[in-house]
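S.K.: Okay, handing you the structure first.
Every number in this text was worked out from the coordinates using simple rules, so none of it is lab data. Note that the coordinates shown come from a computational prediction; the quantities given were computed from them, not determined experimentally. So basically every Cβ, Gly included, is an ideal-geometry build from the backbone, and we count neighbours across all protein chains shown.
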Amino acid sequence: MSVKTRLWLPSITDVVFICVFLIAVFKGGNELLGDADTGYHIRTGEYILRTHTVPSYDIFSFIAPPLPWFAHEWLSEVIMAWVHQLGGLTAIAIFFCIAIALCYALLFKFVESLPCNLLVCLLVVALAITSSWLHWLARPHILSLILTVVWYRILDDYQNTGRNRLLLLPPLMLLWVNLHGGFILGLLLLAIYLAGNLAAFLFATGENADQAKRKLRKLAISLLACVAVCLINPRGYEVLLYPFKIASNKFVTANVVEYFSPNFHDPLPYKYLLLIAIGVLVLSRSVGAIEWMLLLLLTYMSLYSVRFIPLFAIVVTPLLARGSQAIIDRLSDRLRKFFAVRDENLRENNDMATGYVWPIVSILAVFALAASGKVHFEFDPSIKPVAAVEFLKKEHINGKVFNDDEFGDYLIYAASRQYKVFFDGRSDMYGATWGNQYIVIARLQPDWEAVIEKNDFSWIFFGAKTPLSMLLLEKKNWRLIYADKVANIFVKDIPENRALIAKYPEVRPVADRQ
């Protein structure tokens with residue numbers, strides 16, 4: 001077959017990329033914008049580009065004095081701001097679709113390099129993809145997933161094949177520590193490989209002990225170098241403490257949905273991946289200390305919080321591929337031949353493909369559709385307060401607002417130059433001091449009106465069908481001036497708001513008008 005023909009043949013890695021990319025674009029594109037946190041990430045990046053400084057204090061809330069804010073994802077936010085300048089939210093969504101597809105294409109490329117059945121590798125990666133879908137959002141953690149795959153392969157190759165690319169780890173860590181707090185997993189993975197080789201050095205004999213000693217020394221040097229480069233960031237050593245602070249922040253873990261533990265009553269592919277991983281690794285009887293430590297760490301993390309499930313899926317995929325191969329090797333001759341023939345056929349066809357034409361074509365095709373307006377992404381106006389914020393931009397309301405946290409994210413994105421928020425998706429910044437006040441009002445806990453008075457809120461921007469909105473409709477000192485299916489806007493009946501009240505005297509909830 002000619003070189004030209006081979007360039008046009010898609011490899012299995014190409015197919016994985018194209019399938020994930022097109023599914024993400026045409027099925028999940030708007031879902032990537034399901035969390036309005038994307039909005040404040042973009043505006044933070046724009047602030048950094050405009051001022052050439054990384055904020056160390058809050059720039060979006062009216063709380064005074066400004067709260068200390070650790071913008072640890074500053075480099076991701078700069079990238080997002082730049083992409084947004086090129087093509088708005090459509091460009092943001094496509095960019096993250098490419099990033100997601102790249103992540104899982106690299107993951108397949110990783111397991112494809114292992115001495116494992118290619119069909120099994122493909123099935124395992126497919127299960128990892130479906131398990132990870134729940135946290136595909138246009139946010140910086142997607143970039144962290146890509147680095148996790150690259151980092152993990154470097155360590156795995158060094159441990160199992162002797163291929164030494166450890167020199168790449170410090171520059172990768174320098175990038176990672178400024179992109180996302182997930183860099184801490186890179187250090188933990190490195191520490192696990194270090195611990196595994198330490199155990200081998202202490203308990204093995206002969207050549208195995210000598211080999212473990214050599215690896216131990218190089219991994220220790222790499223770990224020290226990576227910890228050192230972690231300090232090259234706008235906040236210095238504090239970045240090393242941040243992931244532990246947020247993971248142990250009781251307000252965040254108790255109130256932010258993505259920090260909740262997975263609900264096994266839900267139809268989560270993750271629970272099947274977890275059970276399969278445990279079963280395969282036990283039955284394979286070929287799991288070493290490093291593999292068990294990896295499984296235990298990532299299982300704990302994924303059971304602690306659903307946001308860690310994609311990381312679990314990435315780390316467990318090579319373990320599953322190797323474990324499955326160990327089981328296949330113990331099957332009957334007939335079954336081994338069945339898997340071997342299919343592996344041979346897949347590899348023969350796969351080895352003929354040498355180019356990356358089709359992934360590039362798929363990306364260009366989607367960009368062409370976007371340029372023609374046939375592919376377009378925006379925050380969903382059926383769940384985000386898009387129309388309400390347009391009203392706010394037209395009728396500027398003075399004073400302090402009590403707002404829904406998701407509404408705060410969108411308000412930052414759409415009108416941060418006109419309005420400051422009380423609360424938004426940066427729950428770690430607000431902490432229990434302000435977060436508990438938000439909870440008291442939002443959930444109508446005892447003394448909720450006293451908290452409103454204490455903070456001198458003169459208007460409220462909240463969900464249309466929430467208990468708070470329903471109760472405010474009965475309060476004579478609060479007047480509804482805007483209502484749609486998503487949001488209600490109430491103003492306090494005080495002299496400063498009388499003009500707005502007079503302008504919108506008979507506004508009723510949308511449900512009442514239907």
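S.K.: Return one number: the angle in degrees, 0 to 90 and rounded to the nearest 10, between the long axis of the Cα atoms of helix 118-132 and the longest principal axis of the Cα atoms of the chain.
M.R.: 20
S.K.: Consider a paramagnetic label point 7 Å from the Cα of residue 341 along Cα→Cβ; state which residues of the stretch 108-143 have an amide N under 14 Å from it.
M.R.: No residue qualifies, since no backbone N sits under 14 Å from the label point.
S.K.: Kindly put 13, 299, 148, 205 in sequence by how many other C-beta atoms sit within 10 Å of each C-beta, fewest to most.
M.R.: Fewest-to-most Cβ neighbours within 10 Å comes out as 205, 299, 13, 148.
S.K.: Another question, if that's okay. Note down the magnitude of the dipole of the chain about its Cα centre, charges +1 on Lys and Arg C-beta and -1 on Asp and Glu C-beta and zero elsewhere, to the nearest 20 debye.
M.R.: Result for the chain is approximately 660 debye, rounded to the nearest 20.
S.K.: Taking Cα centroids, how far is the stretch 121-150 from the stretch 382-400 in Å?
M.R.: 35
S.K.: Here's something else I'd like to know. Kindly put 96, 391, 70 in sequence by how many other C-beta atoms sit within 10 Å of each C-beta, fewest to most.
M.R.: Result, fewest neighbours first: 391, 70, 96.
S.K.: Express in whole angstrom the spacing between the alpha-carbon centres of the stretch 301-334 and the stretch 166-237.
M.R.: 23
S.K.: What is the diffusion coefficient of the stretch 386-513 in µm²/s, taking the Kirkwood radius over Cα pairs and the Stokes-Einstein relation at 20 °C with a viscosity of 1.002 mPa s?
M.R.: 145
S.K.: From Cα pairs below 8 angstrom and at least 6 apart in sequence, can you work out the relative contact order of the stretch 1-119, rounded to a whole percent?
M.R.: 36
S.K.: So, one more: Send over the per residue convex hull volume for the stretch 442-514, Cα only, as a whole number of Å³.
M.R.: So the per-residue hull volume is 83 Å³.
S.K.: Taking amide H positions as placed 1.01 Å from N in the peptide plane, with prolines and chain starts having none, which residues 5 or more places from residue 58, or on another chain, fall under 5 Å of its amide H?
M.R.: Amide H to amide H, under 5 Å and 5 or more residues apart or across chains, residue 58 pairs with 67, 69.
S.K.: Same structure, new question: I'm spelling it out carefully: the read-out is Rg and Dmax of the Cα atoms in Å, the candidates are [x] 26.1, 89; [y] 23.5, 71; [z] 25.0, 88, and one was derived from this structure. Which label?
M.R.: Read-out from the structure maps to [x].
S.K.: I want to check the label-to-label distance for residue 494 and residue 221. Put each point 7 Å from Cα in the C-beta direction and report it in nm to one decimal.
M.R.: For the pair residue 494/residue 221, the computed spacing is 6.6 nm.
S.K.: Right, next: Taking the simple approach of a point 7 Å from Cα along Cα-to-Cβ for both residue 130 and residue 332, what is their distance in nm?
M.R.: So the label points at residue 130 and residue 332 sit 2.8 nm apart.
S.K.: Given Cα pairs under 8 Å that are at least 6 residues apart, what percent is the relative contact order of the chain?
M.R.: Taking the mean separation of contacting Cα pairs over the length of the chain, I get 19 percent.
S.K.: Assuming 0.890 mPa s and 25 °C, estimate D for the stretch 115-354 with Stokes-Einstein, Rh taken as the Kirkwood radius over Cα pairs, in µm²/s.
M.R.: For these conditions, the coefficient is 126 µm²/s.
S.K.: Can I ask one more? Taking the Cα centre of the chain as the origin and placing charges on Cβ (Lys, Arg +1; Asp, Glu -1), which of 269, 446, 152 is farthest toward the positive end of the dipole?
M.R.: Among 269, 446, 152, the one farthest towards the positive end of the dipole of the chain is 152.
S.K.: How large is Rg/Rh for the stretch 221-273, to two decimals, with Cα atoms and a Kirkwood Rh?
M.R.: 1.19
S.K.: What full-extension length gain, to one decimal in nm, is calculated for residue 376 and residue 210 as 0.36 nm per residue of separation minus the Cα-Cα distance?
M.R.: Gain in length upon complete extension: 53.9 nm.
S.K.: If you don't mind, another one. Per 0.36 nm of contour for each residue apart, how much would the distance between residue 199 and residue 415 grow if the chain were fully extended, relative to their Cα-Cα spacing?
M.R.: Length gained, residue 199 through residue 415: 72.1 nm.
S.K.: Using a 10 Å cut-off around each Cβ, can you sort 80, 352 from fewest to most neighbouring Cβ atoms?
M.R.: Listed from fewest to most nearby Cβ atoms, that is 352, 80.
S.K.: Against the longest principal axis of the chain, how steep is helix 141-160, in degrees 0 to 90 to the nearest 10, with axes from Cα atoms?
M.R.: Once rounded, one gets 20 degrees.
S.K.: How far, in degrees from 0 to 90, does helix 405-415 lean away from the longest principal axis of the Cα atoms of the chain, to the nearest 10?
M.R.: Roughly 80 degrees, rounded to the nearest 10.
S.K.: Can I ask one more? For the chain, what does -39500 (n - 2.57) per DSSP helix run (n ≥ 4), summed and divided by total residues, give at 222 nm, in deg cm²/dmol to the nearest 500?
M.R.: It comes out at -20500 deg cm²/dmol, rounded to the nearest 500.
S.K.: Expressed as a rounded percentage, what relative contact order does the stretch 386-513 have, with Cα pairs under 8 Å and six or more residues apart?
M.R.: RCO, the stretch 386-513: 21 percent.
S.K.: Going by a ≥ b ≥ c, the root eigenvalues of the Cα gyration tensor, does the stretch 143-270 fall in the rounded group (a/c under 1.5), the prolate group (a/b larger than b/c) or the oblate group?
M.R.: Verdict is prolate for the stretch 143-270.
S.K.: Another one. Distance check, please: which entries in 420/475; 27/400; 250/485; 454/475; 420/454 exceed 28 angstrom between their Cα atoms?
M.R.: Table pairs above 28 Å Cα-Cα are 27/400; 250/485.
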